[in-house]
Amino acid sequence: MIHCIEGIIIEKGTEDIIISCSGVGFKLFCPTSAYTKTGSIGSEVFMYTHMVVKDDAFELYGFVSEDEQRCFRLLVGVSGVGPRTAIAVLSLYTPKQIILAIASGDYRAFSACVGIGTKIAQRIVLELKDKVGSLEVEDADLAGIIASDVSNSKQEATAALVSLGFTTSEAAASLAKLSPDASTEQLVSEALRTLSRG
């Protein structure tokens, strides 16, 4: 297993990067964010990788952070989610947004990704909800959501915000910093102020 690669960028596209390492050119399929987060052709780069072995080919997938690498490995572990689909998810969302969507049960976020229908989106949330709790999370608000220690008032406030047209993950993020002892009305009011500020 090739865990990471350090070398010189010799070719670069929006979906892949070729890195020269000790005279060998490695083609890495990457999330679109890697295009802006890596240097120009000729510059040095360090990327985390994941190798996929197929009957007719070996494919390398590259990531600018270990968080992206971890999320990719979680996603491809779900039945029906291939490596290209996992890359599509990482092209649309950051690792933090992916974990938040899973932890808050927001399967609709994954339905927006190319190649993912409602059933697979629901499977991602169902199969990974317990697993994201084992990830190391530096963000205190996100850690609180993953811990699933949510008060009844926060659950009711989340439902109210969703009924107003917000996604589950947007609602959960806006409520994360608020006191669980507040009433549902207070939580909704404060969350709406946060959401209106964008």
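The values are calculated or read from the model by the stated rules, or taken from the named source; none is laboratory data. All values reported here derive from a predicted model rather than from experimental measurement. Cβ: placed from backbone, ideal geometry, glycine included. Neighbour counts: every protein chain shown.
When restricted to residues that are among the β-branched types (Val, Ile, Thr) and over 24 Å from the mean Cα position of the chain (by Cα), region 10-69 contains 4.
Looking only at region 10-20, filter to residues that are closer than 15 Å to Leu60 by Cα and of a type in the set (A, V, I, L, M, F, W, C); which one of those is surrounded by the fewest Cβ atoms within 10 Å (Cβ to Cβ)? Across region 10-20, the extreme among qualifying residues is Ile18.
So, Arg84, is that one more than 24 Å from His3 (Cβ to Cβ) and at pLDDT 90 or above or not? Answer is no for this residue.
Looking at region 138-194, which of the residues that are of a type in the set (Val, Ile, Thr) and modelled with pLDDT of 80 or more is surrounded by the fewest Cβ atoms within 10 Å (Cβ to Cβ)? Out of the qualifying residues, it is Thr194.
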